[in-house]
Amino acid sequence: MPKDAPRRWDRRMQQRLAHGEAAALGELYDHFASLVHGLAHRVLGDVAAADRITREVFTHVWENPEAYDPKQGPLRSWIAMLAHQQAVRRLRQTESAALARGGEGTTEDLERTVRRASAAARADYIVTAMPAPLRAALELAYFQRRDYRQTAADLGVTEDEARRRLRLGLQLLSTAHDTAPSEEPTDTGAHGYGRAL
């Protein structure tokens, strides 16, 4: 597949949505619904709430395809950013309402909860979006408790390559805490959608 094929697909999808092509929305949903639902569920911890966020995100995309700017990054990242922001907003609203009704905790506790949920969702997204060789190395090392030598043997690469993949994967994951939990949609800045998530 040519290197720019995903970007061409993104631009074509945006054009199809802008022309009101319902089949395009179905195709987009098939591609990204599990991503959106997974991110929302990671933040909110509630299937029904994640279902609502999923509907809201795809409704927004359908009604506002021009809001996507291909120069800012892939369509996948934009959709993930929308899901993340909607879920964080919903979590903040839910937790604030609970506090207002006399629930336990403080506004500082609320912000810690939002930051934790936001970082966890971002980390999940980073893992699913990273190149497969990095993801495979991290999964072996951290989920299956393999050291870098065992990881190298399992992947059929040199120990130096296994260390390089683990280092790069961890560097990507370390950015999960870089974004403030209060981000709002609309302005992604110069870094594009990936940084806004």
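Structural remarks
- Filter pass, residue 46 being under 14 Å from the mean Cα position of the chain (by Cα), over 22 Å from residue 27 (Cα atoms) and open to solvent by 50 Å² or more (accessible area, probe 1.4 Å): no
- Flag if residue 176 is surrounded by 13 or more Cβ atoms within 10 Å (Cβ to Cβ), under 25 Å from residue 7 (Cα atoms), modelled with pLDDT under 85 and not aromatic (Phe, Trp, Tyr): yes
- Taking segment 134-162 as the range and being within 23 Å of residue 32 (Cβ to Cβ) and either in contact with an Asp or Glu (Cβ under 9 Å, 6 or more places away or on another chain) or in contact (Cβ under 8 Å) with a residue 40 or more places away in the chain (or both) as the test, only 136 passes.
- Qualifying residue in segment 55-64 (condition: in a loop (DSSP other than H, G, I, E, B) and under 18 Å from the mean Cα position of the chain (by Cα)): no
- Residue tally, condition among the small types (Gly, Ala, Ser) and open to solvent by less than 30 Å² (accessible area, probe 1.4 Å), over segment 1-40: 4
- Applying a threshold of 8 Å to beta carbon distances and a minimum spacing of six or more residues, or different chains, the list of pairs starting in segment 68-91 at a residue that is over 18 Å from residue 113 (Cβ atoms) and ending at one that is at pLDDT below 95 and among the basic types (Lys, Arg) reads 70/7; 70/11; 74/7.
- Of everything in segment 89-143 that is open to solvent by 50 Å² or more (accessible area, probe 1.4 Å) and not in a helix (DSSP H, G or I), the residue that is farthest from residue 45 (Cα to Cα) is 131.
The values are calculated or read from the model by the stated rules, or taken from the named source; none is laboratory data. It should be emphasised that the depicted structure is a prediction, and the values quoted were computed from it without experimental measurement. Every residue, glycine as well, gets a Cβ built from its backbone with ideal geometry; the counts of neighbours run over all protein chains shown. For the accessible areas, the whole protein counts, side chains as well, though only heavy atoms, and no ligand, DNA or RNA atoms are used. Shrake-Rupley method; radii C 1.70, N 1.55, O 1.52, S 1.80 Å.
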